1. Among the listed residues 46, 38, which satisfies the condition of being at pLDDT 50 or above, out of contact with any strand residue (DSSP E or B) (no Cβ under 7 Å at 6 or more places or on another chain) and either outside any helix (DSSP H, G or I) or within 28 Å of residue 94 (Cβ to Cβ) (or both)?
2. State all residues of region 178-219 that are within 15 Å of the ligand (Cβ to nearest atom) and assigned to a loop (DSSP other than H, G, I, E, B); if no residue qualifies, say none.
3. So if I check each of 241, 248, which one is in the same structural domain as residue 276 (by TED's automatic domain parsing) and closer than 27 Å to residue 135 by Cβ?
4. Hey, among the residues in region 113-131 that are more than 16 Å from the ligand (Cβ to nearest atom) and surrounded by 13 or more Cβ atoms within 10 Å (Cβ to Cβ), which one's modelled with the highest pLDDT?
5. Given (1) closer than 25 Å to residue 292 by Cβ; (2) more than 18 Å from the chain's Cα centre (by Cα); (3) modelled with pLDDT under 95, identify the lone condition not met by residue 188.
6. Return the residues of region 256-283 that are crowded, with 20+ Cβ neighbours inside 10 Å, within 24 Å of the chain's Cα centre (by Cα) and assigned to a loop (DSSP other than H, G, I, E, B); say none if nothing qualifies.
7. Could you please give the count of residues in region 83-105 that are closer than 17 Å to residue 35 by Cα and surrounded by fewer than 18 Cβ atoms within 10 Å (Cβ to Cβ)?
8. Any residue at all in region 236-259 that is farther than 16 Å from residue 197 by Cβ and in contact with a helix residue (DSSP H, G or I) (Cβ under 7 Å, 6 or more places away or on another chain)?
Ligand SMILES: [Zn+2]
């Protein structure tokens, strides 16, 4: 009697342990911006639940997490942020987290950041006075950096869940190959660009991309976030430049009413084209399965058109 009871108890315990381990085995991952969310989703595959802390359509630079978001971070296994320049709020949250199992990943780890001096280097000596204050946080707009981010994310997943390490590393390798292919297509096309300037009606987001492919990046905005709107003077100077250069395309940024680009288009006769910085996506984009690679392939088409590349 007693023995049977014991055996039964042990098998129930084993069964529930197995059930528990299968269900709770999925890593809970929270990412702050769309690119690291998308990379973690691909690397984690069916072994991770990845969520993006930004609600769909929300502008990332002015985002502040809610108390509910902080509760979610407190329950997660991995929190991926982009670094203190992109998310100045993250440091306080990380310090306040009581979750001992949480692995915090700074996705800018190992990446060479662009700072204002390098940017100013290219500026004309005129008085428009661009002060790109501080460090440029848009590391994901360099596909070499993306591959470093993928490695860091894969290592974090492998550290939290060593039993699936090979699976994560294999997914990461394949994602890195796609990013290398993307980089090669950008390099090949943009090398043939007749125009070397990305004129942007949005904030300075594409400096990493411009630098990687030897292009210039112009914006009437003063900084690395869309929060401070450009001065009428800076807009007027850009309109003048558009007219003089005969440039037929003005790019605008995602998720924000493109009124600056619209003004420049109306005054210069240029056509507006979206150049998507992929900070975040709209809820329609999310529903239709937007991916970082897809967004960037679309950007390349727009750049080929606007910069007059010799594509076959
Ligand atoms: Zn930005």
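The values are calculated or read from the model by the stated rules, or taken from the named source; none is laboratory data. As the structure is a prediction and not an experimental result, all values here were calculated from the model. Note: ideal-geometry Cβ built from the backbone for every residue, glycine included; neighbour counts use all protein chains shown.
1. 38
2. The answer is 201, 202, 203, 204, 205, 206, 219.
3. Only one candidate passes the filter, namely 241.
4. 118
5. Against the list (1) closer than 25 Å to residue 292 by Cβ; (2) more than 18 Å from the chain's Cα centre (by Cα); (3) modelled with pLDDT under 95, residue 188 comes up short only on (3).
6. Within region 256-283, 275, 276, 277, 278, 279, 280, 281 qualify.
7. 3
8. No, every residue in region 236-259 fails to be farther than 16 Å from residue 197 by Cβ and in contact with a helix residue (DSSP H, G or I) (Cβ under 7 Å, 6 or more places away or on another chain).
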